[in-house]
Amino acid sequence: MAKNIQSLERAAAMLRLLAGGERRLGLSDISSSLGLAKGTAHGILRTLQHEGFVEQDSTSGRYQLGAELLRLGNSYLDVHELRARALVWTDDLARSSGESVHLGVLHQHGVLVIHHVFRPDDSRQVLEVGAMQPLHSTALGKVLSAYDPVAHSEATEMERRSFTPRTVTGDEEFEELLDLIRAQGWAADVEETWEGVAAVAAPIHDRRRMPVGAVAVTGAVERVCTDGRLRPELVAAVRDCARAVSRDLGAGRF
């Protein structure tokens, strides 16, 4: 009977360790938990990091899972409950709005796009599943920061980069914005991340009424906005979609 490859077993054990418990672990924690010498553990981590399966926080030096795992995991995403429950509703939202629809979840210090419905026209578009979006400037990121305590901590503790002159970066201003998002139930991004692009997003909750993701409509400012403001019917459609997915996840009525 063929023997298992020890290095692969150790790498798999390392990924399982990073997937459970704390979000980030240091080299000492990993090596002691797996009974490995630090040099051995570091070598495996370096290889996993090079391949994108593991990422290292530049400030703390701690390790966490990398987004490449989810990029390779499209077969898993097909059965992922959130994505599966959202498929029909996001397709309907794209058709009714005439714009692209994104489904995102908190991942590391940003939003990971786990589903993308193309704008229903003949224009050339790029699939954005697996792409990362900023927490502090995008509609998806801001709505997660407003409703998810972990996302809120990450968004407030990180350096908020100014992508355009409209990006909100100040601490007090950002907290006021999150208060507004919670009060109105949705978040906007009007040229705060990309010039000429606007988006509106709403939170999705599970059966425990915990935020598990968000859905957004994204498009050119001239289509999504009227006189610089998001079209009310788009806001209503996104919120209806988020509520429908939440109900399918067992959250009841919001």
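The values are calculated or read from the model by the stated rules, or taken from the named source; none is laboratory data. Since this is a predicted model, take the numbers as computed values, not measurements. Note that each Cβ is placed from the backbone with ideal geometry, even for glycine, and that neighbours are counted across all protein chains shown. For accessibility, only protein heavy atoms count, side chains too; no ligands or nucleic acids. Shrake-Rupley method; radii C 1.70, N 1.55, O 1.52, S 1.80 Å.
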Could you tell me whether the range 213-223 includes any residue that is surrounded by fewer than 20 Cβ atoms within 10 Å (Cβ to Cβ), without any contact (Cβ under 8 Å) to a residue 24 or more places away in the chain and not charged (D, E, K, R)? no
Out of all the residues in the range 83-102, is one or more of a type in the set (A, V, I, L, M), touching a Leu at 6+ places or on another chain (Cβ under 9 Å), modelled with pLDDT of 90 or more and crowded, with 17+ Cβ neighbours inside 10 Å? yes
For a quick check of your reading of the model, give me the residue pairs whose first member lies in the range 175-200 and is over 22 Å from residue 100 (Cβ atoms), whose second is of a type in the set (S, T, N, Q) and open to solvent by 30 Å² or more (accessible area, probe 1.4 Å), with beta-carbon atoms closer than 8 Å and at least 6 apart or on different chains. 175/156
Determine whether the range 61-69 contains at least one residue that is closer than 29 Å to residue 244 by Cα, at pLDDT below 90, assigned to a helix (DSSP H, G or I) and under 17 Å from the mean Cα position of the chain (by Cα). yes
For residue 178, which of the numbered conditions (1) under 28 Å from residue 88 (Cα atoms); (2) surrounded by 20 or more Cβ atoms within 10 Å (Cβ to Cβ); (3) under 21 Å from the mean Cα position of the chain (by Cα) fails to hold? (1)
Among the candidates 199, 188, residue that is in a strand (DSSP E or B), under 22 Å from residue 93 (Cβ atoms) and open to solvent by 20 Å² or more (accessible area, probe 1.4 Å): 188
Does the range 161-174 hold any residues that are touching a residue at least 12 places away in the same chain (Cβ under 8 Å) and polar (S, T, N, Q), and which are they? 164, 167, 169
Does residue 231 satisfy being over 30 Å from residue 84 (Cα atoms) and among the basic types (Lys, Arg)? no
Any idea which of 153, 123 is under 15 Å from residue 211 (Cβ atoms), open to solvent by 20 Å² or more (accessible area, probe 1.4 Å) and either free of Cβ contacts under 8 Å to residues at least 60 places away in the same chain or in contact with a Lys or Arg (Cβ under 9 Å, 6 or more places away or on another chain) (or both)? 153
Residue in the range 161-180 that is within 24 Å of residue 245 (Cα to Cα) and either at pLDDT below 95 or not acidic (Asp, Glu) (or both) present: yes
